[in-house]
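Some notes on the structure that comes next.
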Amino acid sequence: MATQPVTVPAPVRRSWALTPRSVVSICLSTSFVLIYVLGMVGGIMRANQAAVVHLPLDTFYSLLTLHGTGMIALVTLAMAAGLWYAVHDILDLRPRVLMVGFALFCLGIVLVLVATLVGGFAAGWTFLYPLPFVNTTWPAWATLAFLLGVLAVGLGFSIYCMDILTAVVGRYGGLLRGLGLDALIPALGRPGQEVAPPPVIAATMVGIDGAIGTLAGAVILIALLAHYVNPAFPIDALWAKNVTYFFGHIIANLDIYLAAGTIYAYLPTYAGREWKTNGVLALSWVGSLVFVLTAYGHHLYMDFVQPPALQFLGESTSYLASVPPAVVTIFGAVLLVYRSGIRWHVGSVLLYAGLVGWAVGGTAAELDASIPFNFVLHNTLWVVAHFHTYLLGGAFLFAIAFASHFAGEREAMSGWARAGLWLLLGGITLFLASFYVSGLEGVPRREAIQPAPGPVLSLYATAAVAVLLAGLTLVLLDVWHRARRSRAFPEEAA
Amino acid sequence: MIKERPSGVDAEATVGPSWVADAALGIAFAAALAYAVLSPFAGEAPSVALHHLAHGAIMVVAGAVGIRIARRVPPTAGDGQDAHPGGSRPLVLAVLAEAAAIALMAFDAGSWLDRHPALHLAMHLTLMALTFAAAVWGERYRRGAGTLVTAMMAAMAAIAATGFGAG
């Protein structure tokens, strides 16, 4: 008897097209690969501070510049893609515009890589005037490449923000309604139109602040480029510092607000509860919109010539900035999860863990923004601790959470993923603890060689980086495996 | 279900244009143009802050004219997603025009432009042209985008007024 051949269904092969999923996949893959590499660079710098490896000083500061600039840009890219995906259907956003923004991000990152790794540019991600021009250890073209690189990233984010804002205006007929203010003031509403959902409110806030922040960035970068071309071009150092930190603080802050939009979109899917817009939520986002723009002043406490009114504004809004996220988003997320019977998977675990990072990092920032504490903590590793807490322990975890959700989480969490999560979160905790203790001990930031007890604590941090990278490897491999599976067998993953 | 899209044309303006608004805009444009042409040849240069704010004002007028015109012209094949889904070119061009206007301001410091009033005049006109183009491209991308781009360019001038080019 002849045996019948057994037919095995072949995996679905699809041709590549510019779809929302494909563009978001590209953004996420690129940012995760580069974040992983820059994470290793961070580990090498900590090993240098622990005197385990010995980098030439100029190399260390080039790597520091690359790590700082690159990480901010890449976390922004990952979270921008996440929020874009969460709102693209509601706002009718097109993948081609996101792709243009992504291309400009890539151009900028390549220029920064060339400026730092080839040219040795080492003025720090803040590129504070006159550092890029005075007593440099790098060729002039490296300064040009760096400034153009940051400008390209800014342009990419500007296009992203403008696209979102115009889409909000098109969909809701105005930015006030995009911010959900018709939930607070019903007279603002339009008959028959629903109030904007929370992810759209977050996107609108990010769009407004991002557009203003990148504009300020463009102004200071063009001033520096003009000074590069013509050294007689005058730049007021205090003005330059104000505008640079206005730009830098906004962009670094927006990482977490981009992430907040994805929390609103995806945490409810795990908890099985809806996150609705109400007047308090809308008001909190208007508050965040204003406070993110005005809180940068805490970077200039040591500038005695800064007008006192700006110092007061900086301190007061730094405090106020914590209220909306803490009271509305973080507390709201805890209530959403409480007794919900939430389905714990990689995405939900990291969304929840990221909330902890946001809360802890925000509290540490509040402490540092308080002038009596700032006398002790200013420019110590405490500062580095707080922004690593909310970027690495907050925004980055939200980015992986989104990627995991995006890849599909139909099956139960694998053992590898579970082990990876323990290693990742444990490594991050140890890593951050070494920064906090160093800061309390007065170890200065941005130093290749540290006074005691810096080197010992840096050794712990180096070990922690190895642990967190091991965990990250396992988690990302698990996400990648699920993404491939859902691509090959879409009907199974759907 | 086919989603209904706005046509990109200001129906109200097409049916019954507001002559008062047109006249006001025309007067504002004439004033802005007069300032752009005459101020480089005036003797006393204003402060850096006032100079940037004046740039902001003439750019707002040029942008408003661009928006007004763009809303009356029907969309074409090269337009953005209101007319042709997926088109990103007008938005990219609008943002690039905005960036070019910022870059142009780099020439607006020190005494160099005071010594070359004709080039100063050319810079004013280019700023107006860039804002006009950015506003038109913005509106061609999506209704309302021209207003946003023009507002951003005015904001750029306001930020510059805080100290761009002041030593």
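The values are calculated or read from the model by the stated rules, or taken from the named source; none is laboratory data. As the structure is a computational prediction, the values presented were derived from the model and not from experiment. Reconstructed Cβ throughout: ideal geometry from the backbone, glycine too, with neighbour counts over all protein chains shown. Heavy atoms of the whole protein, side chains included, go into the accessibility calculation; ligands, DNA and RNA do not. Shrake-Rupley method; radii C 1.70, N 1.55, O 1.52, S 1.80 Å.
Among residues of the range A:227-241 being part of a loop (DSSP other than H, G, I, E, B) and open to solvent by 30 Å² or more (accessible area, probe 1.4 Å), the one that is nearest to A:TYR296 (Cα to Cα) is A:ASP236. Quickly run through the range A:92-101 and pick out the residues that are surrounded by fewer than 24 Cβ atoms within 10 Å (Cβ to Cβ) and either in contact with a helix residue (DSSP H, G or I) (Cβ under 7 Å, 6 or more places away or on another chain) or more than 10 Å from chain B (Cβ to nearest Cβ) (or both). A:ASP92, A:LEU93, A:PRO95, A:MET99, A:VAL100, listed by residue number. Need the failing condition index for A:LEU188 against (1) open to solvent by 10 Å² or more (accessible area, probe 1.4 Å); (2) within 14 Å of another protein chain (Cβ to nearest Cβ), just the number. Result: A:LEU188 passes all but (2). What tally of residues in the range A:427-453 results from selecting those that are β-branched (Val, Ile, Thr) and assigned to a loop (DSSP other than H, G, I, E, B)? Here the count works out to 2.
Restricting the first member to the range B:143-167 and to residues that are closer than 13 Å to A:ALA218 by Cβ and in contact (Cβ under 8 Å) with a residue 24 or more places away in the chain, and the second to residues that are open to solvent by less than 10 Å² (accessible area, probe 1.4 Å) and polar (S, T, N, Q), the beta-carbon pairs closer than 7 Å and six or more apart or on different chains are B:MET153/B:THR131.
From the list B:VAL73, B:VAL61, B:VAL9, B:VAL65, the one residue that fits, being at pLDDT below 70, away from chain A (no Cβ under 14 Å) and surrounded by 12 or more Cβ atoms within 10 Å (Cβ to Cβ), is B:VAL9.
Please work out which residue is farthest from A:LEU224 (Cα to Cα), limiting yourself to the range A:129-145 and to residues that are surrounded by 17 or more Cβ atoms within 10 Å (Cβ to Cβ) and in contact (Cβ under 8 Å) with a residue 40 or more places away in the chain. Going through the qualifying residues, I end up with A:TRP138.
Just so you know, in the range B:20-46 the residues that are open to solvent by 60 Å² or more (accessible area, probe 1.4 Å) and over 22 Å from B:THR150 (Cα atoms) include one that is modelled with the highest pLDDT, and it is B:LEU38. Among the residues of the range A:257-280, the ones that are more than 26 Å from A:GLY393 (Cβ to Cβ) and open to solvent by less than 40 Å² (accessible area, probe 1.4 Å) come to 2 in all.
Among the helices (runs of 4 or more DSSP H) lying completely within the range B:92-167, list those that include at least 1 residues that are more than 10 Å from chain A (Cβ to nearest Cβ) and crowded, with 23+ Cβ neighbours inside 10 Å. Give the derivation first.
Working: elements: B:112-115, B:117-141, B:145-161.
Helices (runs of 4 or more DSSP H) meeting the threshold: B:117-141, B:145-161.
Exactly one residue among A:LEU477, A:LEU459 is modelled with pLDDT of 95 or more, assigned to a helix (DSSP H, G or I) and surrounded by fewer than 17 Cβ atoms within 10 Å (Cβ to Cβ), and that residue is A:LEU477.
Every residue, every condition in (1) aromatic (Phe, Trp, Tyr); (2) at pLDDT 90 or above; (3) in contact with a Gly (Cβ under 7 Å, 6 or more places away or on another chain), yes or no:
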residue	(1), (2), (3)
A:GLY248	no, yes, no
A:LEU254	no, yes, yes
A:GLY261	no, yes, no
A:TYR264	yes, yes, no
A:THR277	no, yes, yes
A:PHE304	yes, no, no
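For the range A:42-78, the set of residues classified as in a helix (DSSP H, G or I), open to solvent by 20 Å² or more (accessible area, probe 1.4 Å) and among the hydrophobic types (A, V, I, L, M, F, W, C) consists of A:ILE44, A:LEU57, A:LEU63, A:LEU64, A:MET71, A:ILE72, listed by residue number. For the range A:345-412, the helices (runs of 4 or more DSSP H) that sit wholly inside it and include 3 or more residues that are open to solvent by less than 10 Å² (accessible area, probe 1.4 Å) and more than 29 Å from A:VAL443 (Cβ to Cβ) are A:346-369, A:396-407. Open to solvent by less than 10 Å² (accessible area, probe 1.4 Å) and within 14 Å of chain B (Cβ to nearest Cβ): does that describe A:ILE220? Taking the combined requirement at face value, the residue satisfies it. Taken over the range A:155-185, the criterion of being more than 14 Å from every other protein chain (Cβ to nearest Cβ) and open to solvent by less than 40 Å² (accessible area, probe 1.4 Å) is satisfied by A:LEU179, A:GLY180, A:LEU181, A:ASP182, A:ALA183.
Within the bounds of the range A:244-260, is there any residue that is part of a helix (DSSP H, G or I), among the hydrophobic types (A, V, I, L, M, F, W, C) and within 10 Å of chain B (Cβ to nearest Cβ)?
Checked against the condition, which is being part of a helix (DSSP H, G or I), among the hydrophobic types (A, V, I, L, M, F, W, C) and within 10 Å of chain B (Cβ to nearest Cβ), the range A:244-260 yields at least one hit.
Matching residues to (1) in a loop (DSSP other than H, G, I, E, B); (2) under 21 Å from the mean Cα position of the chain (by Cα); (3) more than 26 Å from B:THR147 (Cβ to Cβ):
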residue: A:MET99; (1), (2), (3): no, yes, no
residue: A:PHE105; (1), (2), (3): no, yes, yes
residue: A:GLY120; (1), (2), (3): yes, no, yes
residue: A:ALA142; (1), (2), (3): no, no, yes
residue: A:LEU147; (1), (2), (3): no, yes, yes
residue: A:GLY156; (1), (2), (3): no, yes, no
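Filtered by the rule that a residue be in a helix (DSSP H, G or I) and in contact with a helix residue (DSSP H, G or I) (Cβ under 6 Å, 6 or more places away or on another chain), the range A:264-278 gives A:TYR264, A:ALA265, A:TYR266, A:LEU267, A:TYR270, A:ALA271.
Within the range A:281-297, the only residue that satisfies the criterion of being surrounded by fewer than 22 Cβ atoms within 10 Å (Cβ to Cβ), among the β-branched types (Val, Ile, Thr) and in contact (Cβ under 8 Å) with a residue 60 or more places away in the chain is A:VAL286.
Residue check: A:LEU397 meets all listed conditions (1) at pLDDT below 95; (2) touching a helix residue (DSSP H, G or I) at 6+ places or on another chain (Cβ under 8 Å); (3) not β-branched (Val, Ile, Thr) but one, namely (1).
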